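The values are calculated or read from the model by the stated rules, or taken from the named source; none is laboratory data. Note that the coordinates shown come from a computational prediction; the quantities given were computed from them, not determined experimentally. Please note: Cβ atoms are built from the backbone with ideal geometry, for glycine as well, and neighbour counts cover all protein chains shown.
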Amino acid sequence: MADTLFKVDAELCTGCGACADACPMHIIEIIDGLSSMTKSRLCLECGSCMRACPRNALAVIKGTTAASGPGQAGAAPAGSVEFTHVLEAVMAEAAKVLDPQQVFTYRGMDLSDLDAIDTGEAQGFARCYRADKLLKMYQSRFTFFGQMSVDVFGLVPAPEYDLPIFTFDWSESEESIFYICDFYPTDDPGRNQGYLERYLYGPLDELYQQYCTLPGLRPAPLHWVRALNSPYMITGNIEKTPRENIGRLFNCTLDYLRAWLGLWKNANPCDQTSRGMQLIAERRSVLRSLYIENDPGIGSINKFIGEEKGERVLKLVIPE
C-alpha cells in the first residue's frame with residue numbers, strides 16, 4: 001500500500017496546530033513550527049486536516065510513495081479502540097418495522113464481495129437491503145487500524161414516494177465522534193411549505209431542540225452538503241468525554257430513526273407523472289451526482305480496499 005504525500009506550504013503554515021487537532025488518527029504534529037505528518041501509511045486521506053487549516057496551507061495527495069516527513073511509514077498503533085455499537089442498534093430498530101431482506105446486487109453491481117472485507121489495515125462491510133416502499137436500505141462499517149471506525153446507514157424511499165431520505169454517519173476515534181444525522185429533503189422545503197411541515201418540522205422540530213445543544217455541534221463543513229441538508233441536521237465533532245455525550249448521540253440517532261419510520265408507515269405512493277414528483281426526481285438525481293463527485297470518505301475507502309471496490313461502496317452508500 002502506497003504512503004500518502006503530505007505537503008505543507010511553509011509560507012502559509014503558522015504552526016497553529018488546527019490540523020493536528022482535527023486528524024482522527026493523531027499522526028500530525030507541529031515540528032520546528034510547521035505541520036508534519038509522522039506516519040503517512042496510517043493516513044485515511046479524509047481531508048480533515050486540510051479543512052481545519054485556516055490558511056489553506058496543506059495538501060494531502062493520495063497514491064504516492066513519496067516521503068512526507070520523519071517516520072512517514074510508521075507502524076499501526078498498538079491496541080484497538082472500543083467503539084460504540086450504534087449501527088447494530090439502528091439495524092435492529094429498523095428491522096423490527098421494515099423486515100428488510102439483504103440483496104447482493106444493486107444497479108447492476110455485484111455486492112457479494114463487499115459483505116466482509118479484511119485487508120489487514122481495514123476491516124468492514126457494505127450491505128444492501130430491499131424493503132417495502134424503499135429503493136434501498138444500506139449499512140456500512142469500516143475500521144482502520146483498529147483506531148477509527150466509520151458507520152454509515154441510510155433509508156432511501158422508492159421513486160414513487162416523496163419521503164425524505166434518512167441518513168446517519170458515525171465516525172469514531174478514541175477521543176471523539178464526527179456525526180451526521182438528518183432527513184435529506186427530496187423536495188425543496190422552501191418551495192413546498194407543506195413538505196416542510198409534514199416531513200421536517202412536524203416530526204423533527206421537538207427532537208432537534210432536544211439535541212441541538214450537544215457541545216461540538218456546528219454546521220456541515222462542506223458547502224454542497226449544507227445546500228442539501230434539512231434545517232434539522234444534527235452534525236459536528238463531539239468529544240466522548242463526558243460519556244453522557246455518547247449516550248445523547250446514540251439516543252438522537254434512534255429518535256430520528258423512529259420519527260422517520262413513523263412517516264414510512266403512513267406513506268402512500270404518489271403520481272410520478274405529476275410536476276411535483278418530477279421535481280423530486282430531479283432533486284434526487286442531483287443529490288446522487290453530488291455525492292458521487294464530492295464525498296470525501298471515498299479517499300479512505302479507496303486507499304485501503306482499492307478503487308474498484310471503493311467505487312462500488314460509494315455508489316451503494318449514498319443518499320439518492
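The table that follows gives values for the structure above.
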item: Failed condition for W260, given (1) surrounded by fewer than 16 Cβ atoms within 10 Å (Cβ to Cβ); (2) within 21 Å of V97 (Cβ to Cβ); (3) among the aromatic types (F, W, Y); result: (1)
item: Set E308, E282: member being in the same structural domain as F145 (by TED's automatic domain parsing), in a helix (DSSP H, G or I) and closer than 21 Å to M109 by Cα; result: E308
item: Residue within segment 143-152 that is modelled with pLDDT of 95 or more and either in a strand (DSSP E or B) or in contact with a strand residue (DSSP E or B) (Cβ under 6 Å, 6 or more places away or on another chain) (or both) present; result: yes
item: Residues of segment 228-258 that turn out to be outside any helix (DSSP H, G or I) and over 16 Å from the mean Cα position of the chain (by Cα), as a count; result: 7
item: Checklist (1) free of Cβ contacts under 8 Å to residues at least 60 places away in the same chain; (2) on the phi < 0 side of the Ramachandran plot applied to I301, failing item; result: (1)
item: Selection from segment 294-310 of residues that are among the charged types (D, E, K, R) and either touching a Leu at 6+ places or on another chain (Cβ under 6 Å) or within 20 Å of V225 (Cα to Cα) (or both); result: D295
item: Residue pairs meeting the criteria (Cβ under 7 Å; at least 6 apart or on separate chains; first within 14 Å of G276 (Cβ to Cβ), in segment 182-210; second aromatic (F, W, Y)); result: P185/Y195; P185/Y199; D187/Y195; P189/Y195; Y199/F183
item: Condition check for A131: crowded, with 20+ Cβ neighbours inside 10 Å, small (G, A, S) and in the same structural domain as R312 (by TED's automatic domain parsing); result: no
item: Search result, residues across segment 267-317 that are charged (D, E, K, R) and either at pLDDT 90 or above or in contact with a helix residue (DSSP H, G or I) (Cβ under 7 Å, 6 or more places away or on another chain) (or both); result: D271, R275, E282, R283, R284, R288, D295, E308, K309, E311, R312, K315
item: Qualifying residues in segment 102-117 (those that are assigned to a strand (DSSP E or B) and of a type outside the set (D, E, K, R)) - the one surrounded by the fewest Cβ atoms within 10 Å (Cβ to Cβ); result: T105
item: Matching residues in segment 24-41 - criterion: being small (G, A, S) and more than 26 Å from the chain's Cα centre (by Cα); result: G33, S35, S36
item: Residue in segment 106-117 that is polar (S, T, N, Q) and touching a residue at least 40 places away in the same chain (Cβ under 8 Å) present; result: no
item: Single residue of L200, L155 found to be part of a strand (DSSP E or B), among the aliphatic types (A, V, I, L, M) and within 23 Å of L287 (Cα to Cα); result: L155
item: Selected residue [at pLDDT 95 or above, over 21 Å from the mean Cα position of the chain (by Cα) and farther than 14 Å from V86 by Cβ] from D182, D162; result: D162
item: All positions within segment 23-45 that are modelled with pLDDT of 85 or more and among the hydrophobic types (A, V, I, L, M, F, W, C); result: C23, I27, I28, I30, I31, L34, M37
item: Flag for P54 being modelled with pLDDT of 75 or more, surrounded by fewer than 15 Cβ atoms within 10 Å (Cβ to Cβ) and in a loop (DSSP other than H, G, I, E, B); result: yes
item: Selection status of Y201, aromatic (F, W, Y) and closer than 30 Å to M148 by Cβ; result: no
